[in-house]
1. Hey, what number do you get for the chain at 222 nm if only DSSP H runs of n ≥ 4 count, each worth -39500 (n - 2.57), divided across all residues, to the nearest 500?
2. Please compute the contact order of the chain in relative form: average sequence separation of alpha-carbon pairs under 8 Å and at least six residues apart, divided by the residue count, as a percent.
3. Step through the residues of the stretch 58-70 one at a time and calculate ³J(HN,Hα) from phi using the Karplus curve (6.51 cos²θ - 1.76 cosθ + 1.60, θ = phi - 60°), rounding each to whole Hz and writing x for Gly and Pro.
4. What percentages, rounded to whole numbers, describe P(r) for the stretch 95-171 computed over all alpha carbon pairs with 5 Å bin width beginning at zero?
5. Where the only charges are on Cβ atoms (+1 Lys, Arg; -1 Asp, Glu), what is the dipole of the stretch 63-180 about its Cα centre, to the nearest 20 debye?
6. Taking the Cα centre of the stretch 1-114 as origin, work out the dipole magnitude from +1 charges on Lys and Arg Cβ and -1 charges on Asp and Glu Cβ, in debye rounded to 20.
7. Looking at Ala140, Leu70, Leu114, which one has the Cα that reaches farthest to the positive end of the dipole of the stretch 53-180 (charges on Cβ: Lys, Arg +1; Asp, Glu -1)?
8. Quick check: Cα centre of the stretch 23-61 to Cα centre of the stretch 156-180, how many Å?
Amino acid sequence: ASRNQLVADALTQLEIAAKKNDAAEVHANMGAAYIMQQDYAKAYESLNAAMAKGPSNALKTDINTLKGMLEIRMAEYDKAKASLAAGRTDGTALFDRGLAHLLSKDYTAANTFLGDAAKTEAIAADAHYYRAVAAARRNAPADITSNLSEAVKRNNKLKDKALNDLEFVDYANAVNEAVK
């Protein structure tokens, strides 16, 4: 069976489970399944339903992390920052927190959270790249260079992206220094 079919089958089973035991865990799992189907409105609705069922603290943390990710997609950055502050503290969650702050124009906090996220090797390149974006938005060319250098060192594909990214249009010297 394909991944999509497996997710659809899981949702069917979760809907049956919700009728038998309308619990936070069931709604949280439905939310995760809807995210896999890219049905973000239903995912958000399910996660809110899960939160209303009084989940355990551990589950509440996971729900907040997923809600924050969705709130970024919905351009609800202040909500995202609040949800993610009550969410997990792993690298991906820290990356999302940094992104929410970047998009709400809080570049200092964005730099901090993305710096923490950069300690997770799997997302370090992207975290450094978006730290460079935050640096551009706060007019800090040296930070653009250092972060883009780290990003490109970890993922060479980011070199072309940086050279063509309008975020850096006024910082050609900083970018060229980073990608040489």
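Coordinate-derived values only; no laboratory data. These numbers were taken from a predicted model, which means no experiment stands behind them. Quick reminder, even Gly has a Cβ in these numbers, built from the backbone with ideal geometry, and neighbours come from all protein chains shown.
1. Computed ellipticity for the chain at 222 nm equals -24500 deg cm²/dmol.
2. Normalised by residue count, the contact order of the chain is 11 percent.
3. 5, 5, 4, 4, 5, 4, 4, 5, 5, 4, x, 4, 5
4. Reading the bins upward from 0: 3, 20, 30, 27, 17, 3.
5. 120 debye
6. Roughly 80 debye, rounded to the nearest 20.
7. Leu70
8. A separation of 39 Å, based on Cα centres.
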